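Reviewing the structure listed below.
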Amino acid sequence: MLISIIMENAGAQHGFILLEKEGDLRIQASAHEGSEQINVMQNISFKEHHEIVHPIVNYVLRSKEVVLID
């Protein structure tokens, strides 16, 4: 899956694919390192999810910059 490739290339432990729908960001897929399970078509509001660091996502949305965290 695409999310696994993105995570592997980025060296990420967690990955989320967010898409905008009707002005709201929705989580459409998520995966975690070490787990073979990929959750897809979740359609969960980004605002309601507690594993995502909201200030970082908001910063990326405003600045359109890539953010990498060590």
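The values are calculated or read from the model by the stated rules, or taken from the named source; none is laboratory data. Just so you know, these numbers come straight off a predicted model, no measurement behind them. Because the Cβ atoms are built from the backbone with ideal geometry, glycine has one as well, and the counts that use them run over all protein chains shown. Side chains are part of the model used for accessible areas, which takes the heavy atoms of the whole protein and leaves out ligands, DNA and RNA. Shrake-Rupley method; radii C 1.70, N 1.55, O 1.52, S 1.80 Å.
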**OP:** Quickly estimate the mean residue ellipticity at 222 nm for the chain, helices only: each DSSP H run with n ≥ 4 gives -39500 (n - 2.57), and the total goes over all residues, rounded to 500.
**Re:** -8000 deg cm²/dmol
**OP:** Give me the accessible area per residue for the chain, probe 1.4 Å, as a whole number in Å².
**Re:** 79
**OP:** Could you check how much of the accessible area of the chain is carbon and sulfur, as a whole percent, using a 1.4 Å probe?
**Re:** 54
Subject >> Point-to-point label distance, Lys47-Ile5, nm (Cα→Cβ direction, 7 Å offset) >> reply: 3.4
Subject >> Normalised contact order of the chain, rounded percent, pairs of Cα under 8 Å and 6 or more residues apart >> reply: 20
Original post:
Mind checking the dipole of the chain: about its Cα centre, +1 per Lys or Arg Cβ, -1 per Asp or Glu Cβ, Debye to the nearest 20?
Top reply: 240
**OP:** Go through 56-66, 3-13 and give me the packing order, highest mean Cβ count within 10 Å leading.
**Re:** 3-13, 56-66
Subject >> the chain - Rg and Dmax from Cα coordinates, angstrom >> reply: 12.1, 33
